[in-house]
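A.B. asks: Before I ask anything, let me first share the structure, which is written out below as C-alpha cells.
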Amino acid sequence: MALSIATRELDGVTILDLSGRITLGEGSVQLRDAIRELISKGVKNILIGLGEVNYIDSSGLGELVSAYTTAKNQQANVKLLNLTKKVKDVLQLTKLYTVFDIYEDEASAIASFK
Amino acid sequence: MDSVATVEEAAEKLIEGAGIDSDEAFKLVMGIREAAVNAVLHGNGYDPARQMTVTMECSQERVMVTVADEGPGFDLGSLPDPRAEENLMRGTGRGIFLIRSFFDEVNFRQLHPGTEIQLVKKFAASTGASG
C-alpha cells in the first residue's frame with residue numbers, strides 16, 4: 001500500500017495525516033515533497049500524523065530526519081503524532097525516538113506549538 | 001523496486017507459513033527487505049542489467065537468507081553506528097543496522113563481481129516459532 005497524505009490546518013498548525021508505508025520507492029519521496037512544499041510556502045508548524053502508518057524502512061526514517069532538519073534550518077518545527085507500535089519500535093531501536101517531539105494526542109501536540 | 005517487493009512477498013509467505021510468530025516474522029521480513037534494497041540500490045545501482053539473487057530457507061529452528069548483488073562491493077568498515085550522537089541526524093546508514101538488530105548472524109562475502117549478505121536467525125525450541 002503506497003503512502004497517501006492528507007493535509008489540514010488547525011490553530012496555525014499544518015497537519016499531514018499519513019496513511020500507508022513510508023519506504024524507498026513508495027512513500028519517502030511523497031513525504032519529502034510534501035514537507036518541502038510546506039516549507040517553501042513559509043509554513044512553520046508541521047505535525048506529521050503517523051496513526052495509519054504501519055511500516056517504515058531505513059529510507060523512511062531518513063526522510064523523517066530530513067524533514068526535521070529541513071524544517072529546523074528554516075526556523076520551522078516538525079513534530080510527530082500517534083505512532084503505531086511498529087513505527088515506535090523502529091524509532092526506539094534507532095534512537096530517533098529521542099530526537100523528535102512525539103505526541104499521543106492531537107490537542108497536546110497542537111498546544112505544544114504555542 | 002519491483003524485485004524488492006517480490007522478495008518481500010516471498011519472505012512473508014515463507015516465514016509466516018512456517019508458523020513463526022507475527023512480531024518476529026515482521027522483523028525478519030523487514031530485515032530481508034532492507035537487504036534486498038541494499039542489493040538493488042547500493043549494490044546494483046538500479047542497473048537493470050545487474051541481477052539480485054536471493055535464497056531463503058525457513059524452518060521452525062532457523063531462517064537463513066542470502067541476498068547477492070553484482071555491484072562493486074563496499075567497505076564494511078565504513079558503516080558507522082547510526083545511533084552515535086554524531087550520526088543520529090544523518091539521512092542514511094540505518095539499513096545494515098536494522099538487519100543486524102533483527103538477525104543473529106549477518107555475514108558478508110565478496111563475490112566476483114558483487115557482494116553476498118547472509119542472514120541467519122535461530123530459534124530456541126520453545127520460542128520464536130509456534131504451531
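Read-outs throughout are calculated quantities, based only on the coordinates presented, and are distinct from any laboratory measurement. The model shown is predicted, which means the values in this text are computed figures rather than measured ones. Here Cβ is always computed from backbone atoms with ideal geometry, including for glycine, and neighbour counts include all displayed protein chains.
A.B. asks: Averaged across orientations, what area in nm² does the convex hull of the alpha carbons in the protein assembly as shown project?
C.D. replies: 14.0
A.B. asks: Report the rotationally averaged projected area of chain B based on its alpha-carbon convex hull, in square nanometres.
C.D. replies: If I average the Cα hull's projected area over directions, I get 8.3 nm².
A.B. asks: Over chain B, calculate the relative contact order: mean separation of alpha carbon pairs under 8 Å at least 6 apart, over the residue count, as a percent.
C.D. replies: Relative CO of chain B lands at 28 percent.
A.B. asks: Still on this model: Angle check, please: helix B:2-17 long axis (alpha carbons) against the longest principal axis of chain B (alpha carbons), in degrees 0 to 90, nearest 10.
C.D. replies: The angle comes out near 20 degrees.
A.B. asks: Here's something else I'd like to know. Shielding by partners for A:55-63, please: the mean number of other protein chain Cβ atoms within 10 Å of each residue's Cβ.
C.D. replies: Partner-chain Cβ atoms within 10 Å, mean over residues of A:55-63: 6.
A.B. asks: Oh, and also: Within straight cross-link reach of A:LYS41, meaning Cα distance under 27 Å, which lysines are found once same-chain residues fewer than 8 apart are removed?
C.D. replies: Once the sequence-local lysines are set aside, what remains near A:LYS41 is A:LYS72, A:LYS79, A:LYS114.
A.B. asks: Give the share of C-alpha pairs in each 10 angstrom bin for the stretch A:4-112, from 0 to the last occupied bin, in whole percents, shortest bins first.
C.D. replies: Per 10 Å bin, starting at zero, the Cα-Cα P(r) for the stretch A:4-112 comes out as 15, 54, 29, 1 percent.
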